[in-house]
């Protein structure tokens with residue numbers, strides 16, 4: 001292994017080699033307008049009580065709406081949903097133009113094609129420098145078809161590969 | 001989509017459909033003894049300054065050592081490293097028996113086979129119920145070979161699948 005003494009380069013090298021599942025997070029502002037973005041940082045924070053986290057930059061187009069919101073809808077995507085992931089990371093004014101979403105619990109925008117949706121109540125927005133860790137209590141969900149998960153690795157979208165083992169736990 | 005009104009079931013259904021990259025996190029206790037575990041929650045929290053997060057249960061075997069530590073080594077794994085991921089989620093006394101690690105920066109245990117290692121200084125352990133979000137400042141790294149990333153999905157280890165697009169950003 002080669003040492004990398006520059007902190008930013010060390011971070012970038014690490015996450016270039018790390019793969020992530022792809023999610024779309026939606027919310028509404030106080031007027032009910034839809035907001036949303038693609039995220040690769042959705043993780044579970046325990047099942048008792050059911051908690052999840054995601055990270056967001058405080059400069060993002062959804063930041064102000066997020067700070068005014070009580071709820072978010074987390075969507076997990078399948079391989080077939082790559083174009084939705086691309087759209088939800090395009091300029092914000094393009095993200096809700098199509099007829100591919102409906103109003104779900106708490107008036108949240110829900111993309112019907114998602115393989116699963118978890119509705120979370122925002123417990124805390126924990127600011128760290130110019131970013132934040134958002135902690136949500138999962139309160140209900142919508143379960144769609146089970147398909148191969150959509151992944152992001154080295155700035156490319158990928159599908160799931162071969163199974164390497166049987167169940168490990 | 002089918003509604004799921006039970007919060008815990010909604011969380012479990014969501015994360016069953018969500019895939020994650022696999023990491024191993026190592027540290028030492030105040031006596032220098034090695035600790036470590038497999039994690040699927042390592043995410044970037046921004047590059048300026050370089051920050052990463054991971055989640056850990058306060059009942060885990062590494063918890064006490066983590067609370068006494070200043071540094072952690074985050075390892076990202078490739079497909080070929082599945083057995084290391086399995087070992088690092090086995091009983092703790094089995095995790096450092098083999099001759100597959102060395103002492104790196106800050107005396108941290110480093111697994112040579114990892115595709116990349118990021119050394120993080122613990123900035124904050126943010127407790128949430130019986131779990132915690134750990135926020136680290138990345139200070140340096142060790143960069144290994146670039147290989148296909150190791151993934152975890154539906155309690156199985158998987159490799160990366162086909163590329164679905166060209167670069168998207």
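Structure summary
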quantity: Flag for residue B:22 being within 13 Å of chain A (Cβ to nearest Cβ) and in contact with a helix residue (DSSP H, G or I) (Cβ under 8 Å, 6 or more places away or on another chain); calculated: yes
quantity: The range B:19-40 - residue that is part of a strand (DSSP E or B) and either over 8 Å from the mean Cα position of the chain (by Cα) or modelled with pLDDT under 95 (or both) and, of those, farthest from residue B:156 (Cα to Cα); calculated: B:28
quantity: Condition check for residue A:85: part of a helix (DSSP H, G or I), modelled with pLDDT of 95 or more and under 18 Å from residue A:144 (Cβ atoms); calculated: yes
quantity: Residue match in the range A:9-18 (condition: assigned to a loop (DSSP other than H, G, I, E, B), modelled with pLDDT of 95 or more and facing chain B (nearest Cβ under 10 Å)); calculated: yes
quantity: Search result, residues across the range B:128-164 that are within 17 Å of residue A:161 (Cα to Cα), more than 7 Å from chain A (Cβ to nearest Cβ) and buried (at least 19 other Cβ atoms within 10 Å of the Cβ); calculated: B:150, B:152
quantity: Qualifying residue in the range A:41-52 (condition: more than 18 Å from residue B:52 (Cα to Cα), more than 12 Å from every other protein chain (Cβ to nearest Cβ), modelled with pLDDT of 95 or more and touching a strand residue (DSSP E or B) at 6+ places or on another chain (Cβ under 7 Å)); calculated: no
quantity: Filter pass, residue A:5 being surrounded by fewer than 23 Cβ atoms within 10 Å (Cβ to Cβ), within 14 Å of chain B (Cβ to nearest Cβ), over 29 Å from residue B:152 (Cα atoms) and touching a strand residue (DSSP E or B) at 6+ places or on another chain (Cβ under 6 Å); calculated: yes
quantity: Qualifying residue in the range B:47-66 (condition: in a loop (DSSP other than H, G, I, E, B), within 15 Å of the chain's Cα centre (by Cα) and within 26 Å of residue A:23 (Cα to Cα)); calculated: no
quantity: Counted residues, the range B:25-34 - those being within 14 Å of residue B:64 (Cβ to Cβ) and either within 14 Å of chain A (Cβ to nearest Cβ) or free of Cβ contacts under 8 Å to residues at least 60 places away in the same chain (or both); calculated: 4
quantity: Matching option when the condition is in contact with a strand residue (DSSP E or B) (Cβ under 6 Å, 6 or more places away or on another chain) and more than 8 Å from chain B (Cβ to nearest Cβ), among A:72, A:117; calculated: A:72
quantity: Residue A:71 vs. criteria more than 30 Å from residue B:159 (Cβ to Cβ) and either in contact (Cβ under 8 Å) with a residue 40 or more places away in the chain or loosely packed, with under 15 Cβ neighbours inside 10 Å (or both); calculated: yes
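The values are calculated or read from the model by the stated rules, or taken from the named source; none is laboratory data. Computed from a predicted model, the values in this text were never measured in an experiment. Counting neighbours? That spans all protein chains shown, and the Cβs are built from the backbone with ideal geometry, glycine included.
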